[in-house]
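A.B. asks: A single structure is presented below for examination.
The values are calculated or read from the model by the stated rules, or taken from the named source; none is laboratory data. Every value quoted in this text rests on a predicted model; they were computed, and no experiment measured them. Glycine also receives a Cβ, built like all others from the backbone with ideal geometry; neighbour counts cover every protein chain displayed. Each accessible area value is taken on the protein alone, full model and side chains, heavy atoms only, with ligands, DNA and RNA left out. Shrake-Rupley method; radii C 1.70, N 1.55, O 1.52, S 1.80 Å.
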Amino acid sequence: MLPSLAQWLQTLSPEFGFFRVFQYLTFRAVMAALTALLIGLIAGPPVIRRLTALKIGQPIRGYAMETHLSKSGTPTMGGVLVLLAIAIATLLWTDLTNRFVWIVLLVTLGFGAIGWVDDWRKVVNKDPEGMRSREKYFWQSVIGLLAALYLVFSISENSNMRVLELFFNWVRSGFDVNLPPKAGLMVPFFKEISYPLGVLGFVVLTYLVIVGSSNAVNLTDGLDGLAIMPVVMVGSVLGLFAYVTGSAVFSRYLFLPHIAGAGELLIFCAAMAGAGLAFLWFNTHPAQVFMGDVGALALGAALGTVAVIVRQEIVLAIMGGIFVVEALSVMLQVSYFKYTKRRYGAGRRILKMAPLHHHFEKSGWKETQVVVRFWIITMLLCLVGLSTLKLR
């Protein structure tokens, strides 16, 4: 919005020439981060007071850690504040004609809507389980598949008209169209190595990345500040990948696929980082507000969608290793429990408690120790992800 306004003012008079700075992507990224940060910090206290007045408090499961029982009633659905800050900052500072920004925003807000319904049911119905898993996964799948079907063609083309043309060609060919190499699965640490996926393979991979990362972040969001800081770090690095991928010069030099228009996602990632830091101000231990599913599901989906667009799905798994391990810990714990119950008549557990952060709490770690140590691990993994830019 503001870049278009600045460009219009420049056409009116030479005196407005200083507005040329609004055309620089890096300047707008910094301003988007600051805008989201200020929105979050200013709106945070009144939003928390409003949530408290409405008695929108987090219900605690009966089998939860004893140390968490004192958190019962802490305002939840604070993710609304994060999404609001991201949306406003992004719309203010991005090029509104960019198709990638819109698809990421729509996916983020769509998953946020699913999380909002989930949180609302927990609060209104006083049900810690909220939306049932089958219903939640259905709506996640709908949004994830729609996004995948759009991205499979938009990454290969430079305009929405060409996207439609490629889609119709795919239908006419009997759903058998080969995609350009840049739409393949990129392998980090190797020059120009990618595995062709085809339309079906791309859609399946994109669906798994978006829905998987959404649920992985949601499972990680169990301690004060545990999920939001890794989201900020991983999102910031993905923003750098978007900047490089969107530049024909940098992408050629670093042997990355050039995705025209992907650079604008730096604005979104910067807004996500600013909004996340503002939320951390209130979410740090002891938390004044929880993110809830409305924030965790949305931010996870946002990371997955950006990673797909910049063709860094494997790098996302590396940098978001904490999210991956947390999700795997739940899957393994549940699977092993069901298997042993069926085989031996009594369920057994691999971990003391899942997700993994609760296992460490049960092992004697304090909550703040778990959180900070997971942050440190994420920071190291993000550095590994950054190194893939050059180490090829």
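A.B. asks: Is there a residue in the range 332-344 that is of a type in the set (Gly, Ala, Ser), under 27 Å from PRO188 (Cα atoms) and either part of a helix (DSSP H, G or I) or under 18 Å from the mean Cα position of the chain (by Cα) (or both)?
C.D. replies: No.
A.B. asks: Here is a further query. Taking interchain pairs and intrachain pairs at least six residues apart, which have beta carbon atoms under 8 angstrom, with the first residue in the range 219-244 and in contact (Cβ under 8 Å) with a residue 40 or more places away in the chain and farther than 17 Å from HIS358 by Cα and the second among the hydroxyl-bearing types (Ser, Thr, Tyr) and open to solvent by 10 Å² or more (accessible area, probe 1.4 Å)?
C.D. replies: TYR243/THR26
A.B. asks: Within the range 114-146, work out how many residues are assigned to a loop (DSSP other than H, G, I, E, B) and either in contact with a Cys (Cβ under 8 Å, 6 or more places away or on another chain) or not basic (Lys, Arg) (or both). Give the steps one after another, and end with the answer.
C.D. replies: So the first thing to find is which residues in the range 114-146 are assigned to a loop (DSSP other than H, G, I, E, B), and the list is 125-132.
Then drop every residue that is not either in contact with a Cys (Cβ under 8 Å, 6 or more places away or on another chain) or not basic (Lys, Arg) (or both), which leaves 125, 127-131.
So the count comes out to 6.
A.B. asks: Continuing with this model, one more query. Are any residues in the range 47-60 open to solvent by 60 Å² or more (accessible area, probe 1.4 Å) and either modelled with pLDDT of 80 or more or closer than 18 Å to LEU84 by Cα (or both), and if so, which ones? Steps first, answer last, please.
C.D. replies: Kept after step one, since they are open to solvent by 60 Å² or more (accessible area, probe 1.4 Å), are these residues of the range 47-60: 49-50, 52-55.
Listed by number, the residues that qualify are ARG49, ARG50, THR52, ALA53.
A.B. asks: Select, from VAL234, VAL289, the only residue that is in a helix (DSSP H, G or I) and either at negative phi or of a type in the set (A, V, I, L, M, F, W, C) (or both).
C.D. replies: When all the criteria are applied, what remains is VAL234.
A.B. asks: Quick check: is even one residue across the range 243-250 open to solvent by less than 10 Å² (accessible area, probe 1.4 Å), modelled with pLDDT of 90 or more and small (Gly, Ala, Ser)?
C.D. replies: No, because not a single residue in the range 243-250 is open to solvent by less than 10 Å² (accessible area, probe 1.4 Å), modelled with pLDDT of 90 or more and small (Gly, Ala, Ser).
A.B. asks: Check HIS358 against each of (1) at pLDDT below 95; (2) open to solvent by 30 Å² or more (accessible area, probe 1.4 Å) and name the one condition it does not meet.
C.D. replies: Only one criterion in (1) at pLDDT below 95; (2) open to solvent by 30 Å² or more (accessible area, probe 1.4 Å) is unmet by HIS358, namely (2).
A.B. asks: Now, a different point. What do you reckon, is VAL101 under 18 Å from ASP118 (Cα atoms) and either modelled with pLDDT under 85 or assigned to a helix (DSSP H, G or I) (or both)? So that I can check it myself, show each step before the final result.
C.D. replies: Working: under 18 Å from ASP118 (Cα atoms): no; either modelled with pLDDT under 85 or assigned to a helix (DSSP H, G or I) (or both): yes.
No, not satisfied.
A.B. asks: Could you check the range 94-115 and list, in sequence order, the residues that are more than 25 Å from PHE138 (Cβ to Cβ) and open to solvent by less than 20 Å² (accessible area, probe 1.4 Å)?
C.D. replies: Selection gives THR94, ASN98, PHE100, VAL101.
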